[in-house]
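The values are calculated or read from the model by the stated rules, or taken from the named source; none is laboratory data. Quantities reported herein were computed from a predicted structural model and do not represent experimental measurements. Glycine also receives a Cβ, built like all others from the backbone with ideal geometry; neighbour counts cover every protein chain displayed.
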Amino acid sequence: MVRAYCQFPYALLALALSLTATRASAHAPLPRAVAVSPNGDAVALALPGFGLLLRPATAQHFAYACDALNGIPSSDSPPLMQYFSDGTLLLGSAGGLRVLAADGCPGTERDVILGTAPVFALAIQPSSQVAYAIAAGVGDGVWRSSDRGAHWEHRGSVEQSDQVTGLLVDPSDSEKLYVSRAIAGAAGSRLLVSNDSGASFVAYEQARALTLLALQAEPLRLWAVARALDSKSNRGFDILRSDGAESSWTSVLRVNYFGGLTITSNGEVWVGDEGRGVYRSTDSGDSFTNVAATSSVSCLASAGTSVWAATPDLPTAPALNLLDSTTYALKPEVAFADVDNLVTCAPEVRADWRCQAAWIEWQRDVLMRDLTMDAGLPQPPAAVPADAGALAGAQEDAGKPADAGEPVLAPLSAPRSESCAVTPAQRSERCAPVELWFLACAGLAWAFRRRT
């Protein structure tokens, strides 16, 4: 009976999760992507599994936008983010393509593009503001917009588009694209080049599985990252440079854990290392200087000559920093603990309602606040919809599965019994019997296995 109902591996796993559940909240989410508008005013920081931190303008504070607000599925991978010159944010994820206002709010129609087709690459050419996206599934192929994301046209297909790892637009020619694509089950990759906005491609075989990162013009230089050839673990990555699709790649820098690459408007190349280090090159990568050897950086972005660096740390420590142009010290811009408000959207967007569950988690698990379920939390909108039956209909649908565009969130008073993630007192009351059961179960299974 013990073996039938308390198999050792499952009991042990449950035991470990039970014992560590109250400690997991001590770790802050990892910032995995940062985007900055061309003028440096609007900034977005992606925290996979939690949401976005956004600052619409320099004079404003950062605010929190949950994933559900913008249709981003929960994932360990960050969404793809690119800013247009007017401050609107192009956002791509496994849940589709979105165009958001600088404040992080979707429009009333949620600006859903390509339905829920997963997006694997984004690129915007700064001079023309022409944008490209590569999607898979029902939206398979290359999509192009010439009006800051308002309208999109399908340009062509990409074989195995779900294996695309990078997309670049030539700074001097908005119709020339470079795409890196992994080869399933193989060690190498392919570099795809298009001269007609993605309608057709020429493929170049690559000996290494590389990911395109950046492109410089006059002279042309391509930048990529690949796992080091002698790496036998997750540690060790090469920063690669090439003079064109038909040229060989040269390794110009090795980092422990890749923490981003960005090129400033004056041609400086910056590379981050999550294993500590920020590297700067003023000669297009011929040489690098480690200007912040003690800093762990998970991603980089630049606007003009300013460089932004995201640093993984505790909630009270800086999560996003500006690199001082003289001393190269990291100047704190925001810590998680500084963000104690949701984004402010139009009432019909219902940001408070969509983000209520995530907002509780943000305050409790990230900001480490001891909350009750309904104290000081955002409430569903009180305004009655123009259609008197709309609210009743929404209440009727609350128990039905949500469609891809309209996730339904439980009311604030509903207990979150699926995770027992409530106040410490409630957690103890609700989960103690379960934890004791698993403790007993694991102990019996361990004793039984010793006898056999």
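Residues of the stretch 117-138 that are touching a Pro at 6+ places or on another chain (Cβ under 9 Å) and either modelled with pLDDT under 85 or under 24 Å from T58 (Cβ atoms) (or both): P126, S127. Of the residues making up the stretch 65-83, those that are among the small types (G, A, S), over 12 Å from the mean Cα position of the chain (by Cα) and outside any strand (DSSP E or B) are A68, G71. Of the conditions (1) of a type in the set (G, A, S); (2) outside any strand (DSSP E or B); (3) farther than 24 Å from A301 by Cα, A209 fails just one. Which one is it? Condition (3) is where A209 drops out.
Taking the listed residues S85, S77, the one that is polar (S, T, N, Q), closer than 25 Å to P315 by Cβ and either surrounded by fewer than 24 Cβ atoms within 10 Å (Cβ to Cβ) or in contact with a His (Cβ under 9 Å, 6 or more places away or on another chain) (or both) is S77, with no other qualifying. Residues that are in contact (Cβ under 8 Å) with a residue 60 or more places away in the chain and closer than 30 Å to V99 by Cβ: does the stretch 205-219 have at least one? Yes, the stretch 205-219 contains a residue that is in contact (Cβ under 8 Å) with a residue 60 or more places away in the chain and closer than 30 Å to V99 by Cβ. Looking only at residues that are within 20 Å of L210 (Cα to Cα) and among the small types (G, A, S) in the stretch 150-170, which one is surrounded by the most Cβ atoms within 10 Å (Cβ to Cβ)? Going through the qualifying residues, I end up with G166.
Candidates are the residues of the stretch 199-248 that are β-branched (V, I, T) and surrounded by 16 or more Cβ atoms within 10 Å (Cβ to Cβ); the one that is nearest to R155 (Cα to Cα) is T211. Candidates D173, D147, D140, D196: the one that is among the charged types (D, E, K, R), touching a strand residue (DSSP E or B) at 6+ places or on another chain (Cβ under 7 Å) and surrounded by fewer than 22 Cβ atoms within 10 Å (Cβ to Cβ) is D196.
On the given criteria, is E246 outside any strand (DSSP E or B) and touching a strand residue (DSSP E or B) at 6+ places or on another chain (Cβ under 7 Å)? So E246 fits the description; yes.
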